[in-house]
1. Out of curiosity, is Glu9 in a loop (DSSP other than H, G, I, E, B) and modelled with pLDDT under 95?
2. Assess whether Lys46 counts as being surrounded by fewer than 11 Cβ atoms within 10 Å (Cβ to Cβ) and either modelled with pLDDT of 95 or more or under 21 Å from the mean Cα position of the chain (by Cα) (or both).
3. What pairs can you find where one residue is in the range 24-48 and over 11 Å from Phe8 (Cβ atoms), the other is open to solvent by less than 100 Å² (accessible area, probe 1.4 Å) and assigned to a loop (DSSP other than H, G, I, E, B), and their Cβ atoms are less than 8 Å apart, with a gap of 6+ or different chains?
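The values are calculated or read from the model by the stated rules, or taken from the named source; none is laboratory data. Everything quoted here is computed from the prediction, not taken from an experiment. Heads up, the Cβs are rebuilt from the backbone with ideal geometry, glycines too, and the neighbour counts pull from every protein chain shown. The protein model used for the area step is the full one, side chains on, heavy atoms only, and it has no ligands, DNA or RNA in it. Shrake-Rupley method; radii C 1.70, N 1.55, O 1.52, S 1.80 Å.
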Amino acid sequence: MENYVPVFESKVKKLYDKVVKELSIPKKERNKKRLKKMLKEIKGIKKTIRSAKKVKTCPHCGHPLWDEESSPYEDPNPSRS
């Protein structure tokens, strides 16, 4: 799930730009249904991003499961073959 975070963040940025563009239109001409739908989608994606970023910690104690620099699937002793 954490591999998709950059994709979700770019989608949030695009939706945010669309919301800003929609808000620049005069109030009577705005598409309120579309605006509400975009805001709801942004909120849902942000919630998904937050939950994906929490995966790196233990659900019980909160300590990191692995170092940020190394992958959890790498061999800690690469000299052994």
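1. Working: in a loop (DSSP other than H, G, I, E, B): no; modelled with pLDDT under 95: yes.
Judged against the criteria, Glu9 is not a match.
2. Details: surrounded by fewer than 11 Cβ atoms within 10 Å (Cβ to Cβ): no; either modelled with pLDDT of 95 or more or under 21 Å from the mean Cα position of the chain (by Cα) (or both): yes.
Considered against the rule, which asks whether it is surrounded by fewer than 11 Cβ atoms within 10 Å (Cβ to Cβ) and either modelled with pLDDT of 95 or more or under 21 Å from the mean Cα position of the chain (by Cα) (or both), Lys46 comes out as no.
3. Qualifying pairs under 8 Å: none.
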